[in-house]
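Peer 1: Got a structure for you, questions after.
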Amino acid sequence: MVVKVYGPDYASPKRVILCLIEKEIDYETVDVDLFKGEHLSPQYLKLQPFGVLPVIEDGDYILYESRAIIRYYAEKYRSQGSELLGKTIEERGLIEQWLDVEAHNFQPPLYDLVVQLLINPKTGVASDPKRIQEDEEKLAKTLDVYEERLSVSKYLASDTFSLADLSHIPFGNYLVTTLKKEYLIRDRKNVSRWWDDISSRPSWKKVLELHPPVL
Amino acid sequence: MAAPVKVYGPPFSTAVARVMVTLLEKDVPFQLLPVNMAKGEHKKPDYLKIQPFGQVPAFQDEGVTIFESRAISRYVCDKYANQGNRGLFGTNPLEKASIDQWLEAEGQNFNPPSSILVFQLTFAPRMKIKQDENLIKQNEAKLASVLDVYDRRLNESRYLAGDDFTLADLSHLPNAQYLNGTDVGELFRTRKNVERWWGEVSNRESWKKVLEMQSPPAPKKA
């Protein structure tokens, strides 16, 4: 029996798929079409009552929130694939720190840009140029902190690739593709070096090949 | 005896309170080092060295510095696993995953609208900043939807992640406390299971201690 990941077309589920590939865990996917409102169907809400992606089903076990899912699998399969949780409690503490930074400082403005520039046009909702500018400014400020951090550390938490770096990849990918904001990364020498490193991992290449983004 | 851990930030900050209540649950002695945000101390170079985003709290323990309150709480539970409330972060991977799920749900679904409401209703008036009625309305509606999900969950489960109080419930305490002192508290009181849960979690000894730390003691009569 193999874990099922819902919504592979979209970025948050890709966080999970990326982790499963890094940990050499087999998986299956179940399509969920956001534009058809499938994430709000009664069947889906039974699994994920907040109506967002992803959710996983591993036999009878159901778990949602991508960052909870990746923590669970990274810990459960500690002894195989890449080590994503560090070697010590202190390193784990820093990984948790940068995972939360990603969730609270990187993701929110970036997610809003995806809504404003990629989703709204598809659903006929007008975009808000003022918000787009504010989102970019917030993201730029966050990336300035990353630039400083990555000048003294190869990856965010330490000198080893971890869950914290992995968590940035699926949404970060929008910056260098359909959002057309690659300059936010390229204008920052260390962020640029880090982005090239993490996005060229074979696991991410596999995710893009098997589950091409729809946005 | 090991030196107490250090927590930087004002006690009235929701994120600082989150860390303090975790430390109290785990019986970890700590030193609270105030950061005067009204004077901009959180944006000064000395503070930015330990928290480069200029936010509170920051935390130090034997040479490791960590920020982001939920990361700090997770670290404290890992490092001090064998003392205080041992079940706070679960005792096996499945329990831990359920707690992580609800910690994330708190961080992604409860925190955004509740933080905005806490600022608008509690802090903005104190700081003489004009309230944004539209923003308040929008976020009340968002919070109501989230609390509907919680009410269904808490109908089947005593606490969010299961039968025991965990980090997932704890993480809600700071924002919910402020909100329950405003009209938005109605959202909690009109949902039977949420009301029951709130009554239990907010009465924990650890949280009562944090509330004492948030309000300075009344001056003693001479």
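The values are calculated or read from the model by the stated rules, or taken from the named source; none is laboratory data. Note that the structure is predicted; figures quoted are calculated from it, not measured. Note that we place each Cβ from the backbone using ideal geometry, even for glycine, and neighbour counts take in every protein chain shown. Side chains included, ligands, DNA and RNA excluded: accessible areas come from the protein's heavy atoms. Shrake-Rupley method; radii C 1.70, N 1.55, O 1.52, S 1.80 Å.
Peer 1: How far, in nm, would the chain grow between A:LYS141 and A:LYS36 when pulled straight, counting 0.36 nm per residue and subtracting the alpha carbon separation? Please list the in-between numbers first.
Peer 2: Details: separation 105, 0.36 × 105 = 37.80 nm, distance 3.53 nm.
Length gained between A:LYS141 and A:LYS36: 34.3 nm.
Peer 1: Helix-only estimate, please: 222 nm mean residue ellipticity of the protein assembly as shown, summing -39500 (n - 2.57) across DSSP H runs of length 4 or more and dividing by its residues, to the nearest 500.
Peer 2: Result for the protein assembly as shown, helices only: -14500 deg cm²/dmol.
Peer 1: In the stretch A:1-120, if every C-alpha pair distance is counted and binned at 5 Å from zero, what percent goes to each bin?
Peer 2: 2, 10, 18, 22, 19, 15, 9, 3, 1
Peer 1: While we're here: How many lysine pairs are close in the stretch B:1-132, with Cα atoms under 27 Å apart and the two 8 or more places apart or on different chains?
Peer 2: 18
Peer 1: Tell me which residues come under 5 Å, amide H to amide H, from A:VAL3 once H is placed; ignore anything under 5 positions away on its chain.
Peer 2: Answer set, sorted by chain and number: A:GLU28.
Peer 1: Taking 8 Å as the Cα distance limit and 6 or more residues as the minimum spacing, I'd like the relative contact order of the stretch B:52-126 as a percentage. Working shown, then result.
Peer 2: Numbers: 24 pairs, mean separation 9.3, N = 75.
That works out to 12 percent.
Peer 1: For A:ILE62, what is the net charge nearby, where nearby means another residue's Cβ is under 11 Å from its Cβ and Lys, Arg count +1, Asp, Glu -1? Before the final figure, lay out each step's value.
Peer 2: Numbers: positive: A:LYS4, A:LYS46; negative: A:GLU57, A:ASP58, A:ASP60.
Local charge sum for A:ILE62: -1.
Peer 1: In addition: Roll a 1.4 Å probe over the protein chains and send me the accessible area per residue for the stretch A:1-118 in Å².
Peer 2: Working: 4450 Å² over 118 residues.
I get 38 Å² per residue for this part.
Peer 1: Can you compute the label reach from A:SER79? Point 7 Å from Cα along the Cβ direction, backbone N cut-off under 18 Å, restricted to the stretch A:1-36.
Peer 2: A:23-26
Peer 1: How high is the relative contact order of the stretch A:41-196, in percent, counting Cα pairs under 8 Å that sit 6 or more residues apart? Write out the running numbers ahead of the final one.
Peer 2: Details: 137 pairs, mean separation 34.1, N = 156.
Across the stretch A:41-196, relative contact order equals 22 percent.
Peer 1: Against the globular-protein guess of 2.2 N^0.38 Å, express the Cα radius of gyration of the stretch B:154-222 as a ratio, rounded to two decimals. Spell out each step's value before the answer.
Peer 2: Working: Rg = 14.1 Å, N = 69, 2.2 N^0.38 = 11.0 Å.
Rounded to two decimals, the normalised Rg is 1.29.
Peer 1: Using mean Cβ contacts within 10 Å as the protection proxy, how do B:110-122, A:147-159 order, highest first? Walk me through the intermediate numbers first.
Peer 2: Details: B:110-122: 20.5, A:147-159: 16.5.
Ranking the peptides B:110-122, A:147-159 by packing returns B:110-122, A:147-159.
Peer 1: Another question, if that's okay. May I ask you to work out the translational diffusion coefficient for the stretch A:113-159 at 20 °C, viscosity 1.002 mPa s, via Stokes-Einstein with Rh from the Kirkwood sum over Cα pairs, reported in whole µm²/s?
Peer 2: Values: Rh = 12.5 Å.
My calculation gives 171 µm²/s for D.
Peer 1: For the stretch B:1-50 and the stretch A:18-63, what is the centre-to-centre distance using only Cα atoms, to the nearest Å?
Peer 2: Here the answer is 38 Å between Cα centres.
Peer 1: Enumerate lysine pairs in the stretch A:1-141 that are 8 or more residues apart or on different chains, then count those whose Cα atoms are under 23 Å apart.
Peer 2: Number of lysine pairs found: 18.
Peer 1: Next question, about the same structure. May I ask you to give the average projected area over all directions of the convex hull of the Cα atoms of the stretch B:15-126, in nm² rounded to one decimal? Could you put the intermediate results ahead of the total?
Peer 2: Values: hull surface 32.1 nm².
Hull-based average projected area comes out at 8.0 nm².
Peer 1: For the residue pair B:LYS43 and B:THR190, what label-to-label distance in nm results when each label sits 7 Å from Cα along the Cα-to-beta-carbon direction?
Peer 2: Between B:LYS43 and B:THR190, the label points sit 3.9 nm apart.
Peer 1: So what J values fall out for the stretch A:6-11 if you push phi through Karplus, 6.51 cos²θ - 1.76 cosθ + 1.60 with θ = phi - 60°, rounded to Hz, Gly and Pro as x?
Peer 2: 8, x, x, 5, 10, 6
Peer 1: Loop-only check: which trypsin sites (Lys or Arg not before Pro) in the stretch B:5-55 are DSSP coil with at most 16 other Cβ within 10 angstrom? Please report the intermediate quantities before stating the final value.
Peer 2: Details: sites: B:LYS6, B:ARG18, B:LYS26, B:LYS39, B:LYS43, B:LYS49; in loops: B:LYS26, B:LYS39, B:LYS49.
Taking the stretch B:5-55 and a limit of 16 other Cβ atoms within 10 Å, the loop trypsin sites (Lys or Arg not before Pro) found are B:LYS39, B:LYS49.
Peer 1: Zone of A:ARG131 (label point 7 Å along Cα→Cβ, backbone N under 11 Å): which residues in the stretch B:109-134?
Peer 2: In the stretch B:109-134, the label zone of A:ARG131 (backbone N under 11 Å from the point 7 Å along Cα→Cβ) covers no residue.
Peer 1: Right, another one. Hey, what's the Kirkwood Rh for the protein assembly as shown if you take every pair of different alpha carbons, in angstrom? Numbers along the way, then the final one.
Peer 2: Working: mean 1/r = 0.0442 Å⁻¹.
By the Kirkwood definition, the hydrodynamic radius is 22.6 Å.
Peer 1: Going 7 Å from the Cα of B:SER115 along its beta-carbon direction, which residues of the stretch B:156-188 have the amide nitrogen within less than 12 Å of the resulting point?
Peer 2: Hits in the stretch B:156-188 for B:SER115 at 12 Å: B:175.
Peer 1: Give the Kirkwood hydrodynamic radius (Å, one decimal) of chain A, defined as one over the mean of 1/r across all pairs of different Cα atoms. Before the final figure, lay out each step's value.
Peer 2: Values: mean 1/r = 0.0560 Å⁻¹.
Every distinct Cα pair counted, the radius reaches 17.9 Å.
Peer 1: Considering only DSSP states other than H, G, I, E and B, which trypsin sites (Lys or Arg not before Pro) in the stretch B:91-133 qualify as loop sites with at most 14 other Cβ atoms within 10 Å?
Peer 2: Details: sites: B:LYS96, B:ARG126, B:LYS128, B:LYS130; in loops: B:LYS128, B:LYS130.
Within the stretch B:91-133, the qualifying trypsin sites (Lys or Arg not before Pro) (loop, at most 14 other Cβ atoms within 10 Å) are B:LYS128, B:LYS130.
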